[in-house]
Structures are given as structure tokens and as C-alpha cells.
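In what follows, a single structure is set out as C-alpha cells and then discussed.
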Amino acid sequence: MEGPLALSRGIDRLNEFIGKSVSWLILLAILVSAANAVIRKLFDISSNAWLELQWYLFGAAFMLAAAYTLKQNEHIRIDIVYGLFSRRVQHWIDLLGHLLFLMPFVTLMVFYFVPYVSLSFRSGEMSNNSGGLIIWPAKAILLVGFFLLALQGISEIIKKIAIMRGDMDDPNPFISAHEQAELEAKALADEVRS
């Protein structure tokens, strides 16, 4: 199990680096948006390219951080139902969810995005908006985002199997929303007492 776990650690490091790095794209999108608004109000000049750049930056942050979000176990799930089960059953739910839902979906998306991006790149596809940007970089970001999510799915499957076999500790023990609120309230009370 050491070889697969080493692969998992490598994937985790890659997606953690990318996920933390692309968080700065949100700030850049905000700055582009603010500059565009100021220029439009002060000088009555506007550009579709600036609007599309905002969308590209936000989309890139969202897509490229999706794998990091999965690594951190922060994707949305129905904790009310999930929390009713033992941790062993939760691990099985996660493993089957990754195998039966996540991996087929991301594999299909990567499979279909490769020719989609390739055609867009070869044709030099441009935005339909006047003064808009080229389209293929945005499509390429979608492809890369799904590819990274597929890699992280492989990492999560490896880790779930290792946890269930007892080869590693659970890096993300489940804490229900109620338990989390109690922990935060206790920490706040301890801080106030200090």
C-alpha cells in the first residue's frame, strides 16, 4: 500500500499548491472588476474584454480549486443523514461515492473536453461579444480543473482504502455541524475567560 499512498501524497501536494495559489485569482478578479467600474464611470469607456477577464479569473479560481476542496473534504454533502452512520459506514459511503459518481463523471468530462478544447484552440475561437477575448483558455481551464479533480478522486480512493484497512489515520474525521458549533462555543468561552 506504500506505493499508492506515495502517489496519493504527491497528488495531494500538487492540488494543495494549486488550490492555495489560485485563491489569489479572486483578488485579481475583484481588482479587475473595480478598475473596470471606475474607468467606466470616470471616462465613460467600457470593454467586454475586461468583463470576460473577470469571468475567466473567477472561473479559473473555482475550477482549479475544486480538487483542493475535495482534498480538504469541504464539498457539500447532506451531513444530517451522513452523521447518522458510524464512521466505518461513512467511509464506505465516501468510497462508493467516489467510485460510482465522482470518477465516472470527471472521466467523462475529461474525455469530452479534450476534443472541445482542441477544436477551440485550432479554430482560434473568439468571444461573440465585440472586443471579447479568445475562448480556448477558458475551455482549457475547465479541462485542467476536471483533470485535477480526477487525480484528487484517485487520491481520495487510495486514502479511503488505506483508512479502512488501518494503514493510515483518518486525515478528515467527521464532525457534525452541531459538534462543530459546540467546539467553537467552548473555544470562544475559553478565550473570554482568559
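The values are calculated or read from the model by the stated rules, or taken from the named source; none is laboratory data. What you see is a predicted model, and the numbers here were worked out from it, not measured in a lab. Note: ideal-geometry Cβ built from the backbone for every residue, glycine included; neighbour counts use all protein chains shown. SASA here: full protein model, heavy atoms, side chains in, ligands and nucleic acids out. Shrake-Rupley method; radii C 1.70, N 1.55, O 1.52, S 1.80 Å.
Structure data summary
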item	result
Residue in the range 111-133 that is closer than 30 Å to M1 by Cβ and open to solvent by 70 Å² or more (accessible area, probe 1.4 Å) present	yes
Helices (runs of 4 or more DSSP H) wholly inside the range 15-88 containing at least 3 residues that are buried (at least 17 other Cβ atoms within 10 Å of the Cβ) and of a type outside the set (G, A, S)	24-43, 48-64, 66-71
T107 being open to solvent by less than 90 Å² (accessible area, probe 1.4 Å), more than 14 Å from the chain's Cα centre (by Cα) and modelled with pLDDT of 90 or more	yes
Residue list for the range 139-194, filter: of a type in the set (A, V, I, L, M) and either in contact with a Pro (Cβ under 6 Å, 6 or more places away or on another chain) or under 12 Å from H91 (Cα atoms) (or both)	I157, I158, I161, A162, I163, M164
Count of residues meeting criterion [of a type outside the set (G, A, S) and closer than 18 Å to A49 by Cα] in the range 122-157	11
Qualifying residue in the range 176-189 (condition: surrounded by 12 or more Cβ atoms within 10 Å (Cβ to Cβ) and touching a Gly at 6+ places or on another chain (Cβ under 6 Å))	yes
